[in-house]
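As structure tokens, the structure follows; a few thoughts come after it.
The values are calculated or read from the model by the stated rules, or taken from the named source; none is laboratory data. Note that the structure is a prediction, hence the values are computed from the model and not measured. Positions of Cβ are generated from backbone atoms using ideal geometry, with glycine treated the same way; all protein chains shown enter the neighbour counts. Quick note on the areas: whole protein, heavy atoms, side chains included, nothing else; ligands and nucleic acids left out. Shrake-Rupley method; radii C 1.70, N 1.55, O 1.52, S 1.80 Å.
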Amino acid sequence: MLTLHSLTLDHVAGVDHAHLELPDSGVVVVHGPNEMGKTTLLTAFGLLLSEVGVNSKAARIKALKSATEDVATTVSADMTVAGHRLTILKSFNKSSGRCE
């Protein structure tokens, strides 16, 4: 079982910074007008959990990179997995990406 406690995006698609805190139980519904970042949140979280390398030039990473700035695209999440609390961070950059 996975419980997501928080999700943070920096320079992901059109989102400069977003931090989402989630309750430890219950259902969370993310809603809002079109083009406000709902799909970006889910896509970034999926990329965080995927096996895509931080120096990858995959199309799905390029789609989330800033079109106007040369900055790292960073996604991090605080979660509990199988009873273990952990934080995962991936920072996608041309030559100096990192995963913690």
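Points worth noting:
- Projecting the Cα positions of 66, 15, 36 onto the charge dipole of the chain (unit charges on Cβ atoms of Lys, Arg, Asp and Glu, taken about the Cα centre) puts 66 furthest along the positive direction.
- Within the chain, longest stretch free of exposed trypsin sites (Lys or Arg not before Pro) [DSSP loop, at most 12 other beta carbons within 10 Å]: 1-56
- Degrees between helix 38-49 axis and first principal axis of the chain (Cα, 0 to 90, nearest 10): 90 degrees
- Accessible surface of the chain, 1.4 Å probe, proportion on carbon and sulfur as whole %: 56 percent
- On a per residue basis, the convex hull of the C-alpha atoms belonging to the chain measures out at 98 Å³.
- Candidate aspartates and glutamates for bridging to residue 62, where Cα separation is under 17 Å - those fewer than 8 sequence places away on the same chain excluded: 10, 16, 51, 70
- On a per residue basis, the chain carries 64 Å² of accessible surface, using protein heavy atoms and a 1.4 Å probe.
- P(r) weight above 18 Å for the range 43-100, C-alpha pairs, percent: 31 percent
- The charge dipole of the chain, taken about its Cα centre with unit charges on the Cβ of Lys, Arg, Asp and Glu (plus for the first two, minus for the last two), comes to roughly 400 debye.
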